[in-house]
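See below for the structure under consideration.
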Amino acid sequence: MRWRNIKAVLKKEIRELIRDPYSIGTALILPVVMLLLFGFALNFEVKNVPIGVLDQDQTSFSREYIQAFDHSDTFDVAQYVTNAKQLDRLMKEGKIKAGIIIPPDFTDNLYRARLGTMTSGRKAKVQTLIDGSFSPIASETINYINAIHNTQVESLLKKANIPVDSILPIQIEPRIWYNPSMKSESFIIPGLFAVLLMVFPPLLSVLAVVREKEKGSIQQIYIAPIRSIEYLLGKLLPYGILGFGVLLLIFIGGKVFFSIDYRGNFLLFLLAGTIYVFTTVGIGLLISTLMEKQLSAMFLTIVVTMMPAMLFSGFLYPISTMPKLFQGYSTLFPARFFVDISRDILVKGLGLRYVWENLLLLIGYTITIIAAAVWRFKKRVG
């Protein structure tokens, strides 16, 4: 072993790192960033679940019952409604994840219990509507609602000087919407569209450009009579088509292997999916204008695409459980919008009326990313 040879290689590698500051940033900064993101974003608690309330009883007892939910850390009464149709609309729009319907005989049944006329067959039903499109939070929501319900009904009985026995006069009656069977596949597969399409198309497109940089063949593009946007679009289209194929493959796989019962307009979903595919490929092209080495480009692409798609899209963990800062941070990533679009169309069966806002945000994101890539590429040529 010759120290002179080792020293020569060491100096060469140091010079390479100095010439490529992005690699240094990847090695030193990104691990810290990932540590912080995982630490703040991974949260399995059910907190601040927005709920809607239809109080048909309108008594002090019913209001106190509702306050028990609103004062908990688990639920947040987002809106009071006057009819069931309003709850339906709020659920479809994603403004609430659960609804509570208090029957008009809520208080009467408490007093029937005091008079001893309440029987198990005449129990009143406090109906709860649960958004089952996100089954992990739906199942936990049911458990929390049951716990708060039982505790509060017992408290109301004691306050009314009614003996608390083994039979409570008012029962909870949950109804699961959109995913009654609570199949996890029904929310995982639609979310996978956003995650997988955020990983492979941008990774392939970034390596295609950076590979030319490493080989030196990119210099021919710089001096060739071709505009930057023409070159980038030539790179964008084939990987966009490939990404669209991945989209169809996931869709068919979900149907064949998991028997997913897709709902909604399939053409609308394909339109949104096509826009999202070109968004992800555009991200890859933008990264390729920043990086010089395939290895560092690959690591940066994974961190910029896959990690946010897993943590900040609502794929596995509800956005509402994150700190407010990270809820706003999640809007910087297109996977956040496409997860909502995918589940709204395929799970809830909603149409353009409910997804147009996220669709417009996705279109704006795509235009911005591609424009930034073109501008960056022109700067490199200049």
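Among the residues of the stretch 232-252, those identified as exposed (fewer than 13 other Cβ atoms within 10 Å of the Cβ) and closer than 23 Å to Ile188 by Cα are Gly245, Leu248, Leu249, Ile252.
Filtered by the rule that a residue be touching an Asp or Glu at 6+ places or on another chain (Cβ under 7 Å), under 21 Å from Ile189 (Cα atoms) and among the β-branched types (Val, Ile, Thr), the stretch 313-363 gives a lone residue, Val355.
To keep it simple, each residue is scored yes or no on (1) among the hydroxyl-bearing types (Ser, Thr, Tyr); (2) within 13 Å of the chain's Cα centre (by Cα); (3) farther than 25 Å from Asp88 by Cβ; (4) not assigned by TED's automatic domain parsing to the domain that holds Leu270.
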position: Pro308; (1), (2), (3), (4): no, yes, yes, no
position: Met322; (1), (2), (3), (4): no, yes, yes, no
position: Leu325; (1), (2), (3), (4): no, no, yes, no
position: Ser330; (1), (2), (3), (4): yes, yes, yes, no
position: Ala335; (1), (2), (3), (4): no, yes, yes, no
position: Val339; (1), (2), (3), (4): no, yes, no, no
position: Arg343; (1), (2), (3), (4): no, yes, no, no
position: Val347; (1), (2), (3), (4): no, no, no, no
position: Glu357; (1), (2), (3), (4): no, no, no, no
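Cβ-Cβ contacts under 6 Å between residues 6 or more apart (or on different chains), taken from a first residue in the stretch 345-370 that is surrounded by 16 or more Cβ atoms within 10 Å (Cβ to Cβ) to a second residue that is part of a loop (DSSP other than H, G, I, E, B), are listed as Ile345/Gly264; Leu346/Tyr262; Leu346/Gly264; Val347/Ser133; Val347/Tyr178; Lys348/Ser133; Lys348/Tyr178. Looking across the stretch 335-379, the residues that are in contact with a helix residue (DSSP H, G or I) (Cβ under 8 Å, 6 or more places away or on another chain) and either outside any helix (DSSP H, G or I) or among the basic types (Lys, Arg) (or both) come down to Arg336, Arg343, Val347, Lys348, Leu350, Gly351, Arg376, Lys378. In the stretch 190-205 there is at least one residue that is surrounded by fewer than 21 Cβ atoms within 10 Å (Cβ to Cβ), over 23 Å from the mean Cα position of the chain (by Cα) and at pLDDT 75 or above.
Output yes when any residue across the stretch 95-112 is in a helix (DSSP H, G or I), of a type in the set (Val, Ile, Thr), surrounded by fewer than 22 Cβ atoms within 10 Å (Cβ to Cβ) and at pLDDT 70 or above, and no when none is.
We begin by selecting, within the stretch 95-112, every residue in a helix (DSSP H, G or I); these are 106-112.
Retained after the next criterion (residues that are of a type in the set (Val, Ile, Thr)): 107.
Adding the requirement that they be surrounded by fewer than 22 Cβ atoms within 10 Å (Cβ to Cβ) leaves 107.
Next cut, at pLDDT 70 or above only: 107.
The answer is yes, given that some residue of the stretch 95-112 is in a helix (DSSP H, G or I), of a type in the set (Val, Ile, Thr), surrounded by fewer than 22 Cβ atoms within 10 Å (Cβ to Cβ) and at pLDDT 70 or above.
For the stretch 210-221, the criterion of being at pLDDT 80 or above, surrounded by 14 or more Cβ atoms within 10 Å (Cβ to Cβ), assigned to a helix (DSSP H, G or I) and of a type in the set (A, V, I, L, M) is met by at least one residue.
Listed by position, the helices (runs of 4 or more DSSP H) contained in the stretch 231-334 that have at least 3 residues being modelled with pLDDT of 90 or more and out of contact with any Phe, Trp or Tyr (no Cβ under 7 Å at 6 or more places or on another chain) are 266-288.
Being at pLDDT 75 or above and surrounded by fewer than 18 Cβ atoms within 10 Å (Cβ to Cβ) holds for only one residue in Glu185, Glu173, Glu140, and it is Glu140.
The values are calculated or read from the model by the stated rules, or taken from the named source; none is laboratory data. Note that this is a predicted model, so its numbers are computed, not measured. Note that we place each Cβ from the backbone using ideal geometry, even for glycine, and neighbour counts take in every protein chain shown.
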